[in-house]
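Participant: I have a structure I would like to understand better, so I am pasting it below and will then ask my questions one at a time.
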Amino acid sequence: MRGHFITFEGGEGAGKSTQIKRLAKRLEKLGHKVLVTREPGGSPGAEAVRHVVLSGAAKAFGTDMEAVLFAAARSDNVENIIKPALEKGIIVLCDRFMDSSRVYQGVSGGVDLDFILSMEKAVTEGARPDLTLIFDLAPELGLKRAADVWAEDGPDRFESEDLAMQRKRRRGFLDIARSEPDRCVVIDASKSLEEVNAMVDATIDAFLSHLEIADVS
Ligand code: T5A
């Protein structure tokens, strides 16, 4: 028995957390078992690393070091939270995963992509996303939306980077979607909440019904 692993990716303030929360409730109402997790974080060990990377405490040591910390956090979340849930047949919804490392540390951070992909391979063994929703939004709008929910301490280490960097990331996510069309679906996150809800539901319903058809045949 294996559950389904669905990841949510995109730039800052694109609406991933909002959709995951809503979708988890909807899927539970439909009778599915659902687990929600996030990265960096999810497991106790990874949550400890989250503070180090998002506060900017590791920035001085360089982007290679940050890439290793994100991979270490991912390893803990995969081993302790994601894999056990998938083995129980649960649908796992994860707020950011390996594509964020490819884009933030690789595309915009300048870390060698082969290095990132080799860590990814080691860490995600047995837990590769079945479906990835990429929330696409102009960074100007995403940062404006994100600013509405910033805590008193303001933007984190990555949110405070300039627009040129955020635009590079947007292109990075779209390149991943283009290169892995079987796994990735792009959601136009600039639309109203109601329209985004509908796009997400249609994507998930198509994914689940495709699996049901495959099970029957
Ligand atoms: N990171 C992460 C790396 O560098 N490498 C990695 O490997 C990983 C895993 C994580 C940071 O770490 C970096 C990337 C990130 O910078 P985080 O706090 O988890 O930090 O950051 P985000 O995932 O970016 O969380 P945000 O809250 O900024 O974005 P969301 O979750 O996409 O947006 P959400 O849902 O909180 O919505 C933001 C606001 O917009 C509204 C919501 O109500 C909310 O107020 N909203 C809409 N408004 C209008 N129309 C819509 N369609 C809307 N949808 C949502």
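The values are calculated or read from the model by the stated rules, or taken from the named source; none is laboratory data. Note that the structure is predicted; figures quoted are calculated from it, not measured. All Cβ positions, glycine included, derive from the backbone under ideal geometry; neighbour counts span all protein chains shown. Each accessible area value is taken on the protein alone, full model and side chains, heavy atoms only, with ligands, DNA and RNA left out. Shrake-Rupley method; radii C 1.70, N 1.55, O 1.52, S 1.80 Å.
Participant: Give the accessible surface of the chain per residue, rounded to a whole number of Å², with probe radius 1.4 Å and ligands, DNA and RNA excluded.
Facilitator: For the chain, the per-residue accessible area is 50 Å².
Participant: Helix-only estimate, please: 222 nm mean residue ellipticity of the chain, summing -39500 (n - 2.57) across DSSP H runs of length 4 or more and dividing by its residues, to the nearest 500.
Facilitator: After summing the helix terms and dividing by residue count, I get -15500 deg cm²/dmol.
Participant: While we're here: Quick query: amide H of GLY10 versus all other amide H atoms, modeled in the peptide plane; which residues come in under 5 Å with a sequence gap of 5 or more or a different chain?
Facilitator: PHE135
Participant: Identify, among SER179, ASN197, LEU211, the residue whose Cα sits farthest towards the positive end of the charge dipole of segment 153-212, taking +1 on the Cβ of Lys and Arg and -1 on the Cβ of Asp and Glu, with the dipole about the Cα centre.
Facilitator: Of SER179, ASN197, LEU211, it is SER179.
Participant: Within a Cβ distance under 12 Å of PRO139, other residues only, what is the Lys/Arg minus Asp/Glu net charge?
Facilitator: The answer is +1.
Participant: For q = 0.19 Å⁻¹, what log10 I(q)/I(0) does the chain give under the Debye formula with an equal point scatterer on each alpha carbon and no solvent?
Facilitator: -1.65
Participant: Using only Cα atoms, tell me the angle between helix 193-216 and the longest principal axis of the chain; keep it within 0 to 90° and round to the nearest 10.
Facilitator: 50
Participant: Describe numerically, in nm with one decimal, the distance between label points set 7 Å from Cα along Cα→Cβ at PHE115 and at MET65.
Facilitator: 1.3
Participant: Any idea what the dipole of the chain comes to, in debye rounded to 20, about its Cα centre with Lys/Arg Cβ at +1 and Asp/Glu Cβ at -1?
Facilitator: 260
Participant: Using the Karplus curve 6.51 cos²θ - 1.76 cosθ + 1.60 with θ = phi - 60°, work out ³J(HN,Hα) for each residue of segment 90-105 in order, rounded to whole Hz, and write x for Gly and Pro.
Facilitator: Values, residue by residue: 8, 7, 9, 10, 10, 7, 6, 7, 4, 5, 5, 5, 4, 7, 6, 8 Hz.
Participant: Using Cα atoms only, what is the angle between the long axis of helix 44-55 and the major principal axis of the chain, expressed in degrees (0 to 90) to the nearest 10?
Facilitator: 40
Participant: Still on this structure, please answer the following. Suppose we keep just the DSSP beta bridges with both residues in the chain; what percent of those would be antiparallel, to 5?
Facilitator: 0
Participant: On to the next question. For LYS33 paired with SER190, estimate the spin-label separation in nm (one decimal), with each label point 7 Å from Cα along the Cα-to-Cβ line.
Facilitator: My value for the distance between the label points is 4.2 nm.
Participant: How would you rank 169-182, 59-72, 102-115, highest first, on the average number of other Cβ atoms within 10 Å across their residues?
Facilitator: 102-115, 59-72, 169-182
Participant: With the full set of protein chains in place, find how many percent of the accessible area of the chain is carbon and sulfur; take the probe as 1.4 Å.
Facilitator: 56
Participant: At a probe size of 1.4 Å, how large is the accessible area of HIS210, to the nearest 10 Å²?
Facilitator: In the full protein context, HIS210 sits at about 120 Å².
Participant: Enumerate the aspartates and glutamates that LYS144 could reach by cross-link, defined here as Cα to Cα under 15 Å, with residues fewer than 8 away along the same chain left out.
Facilitator: Filter leaves GLU12, ASP136, ASP156, GLU159, GLU161, ASP162.
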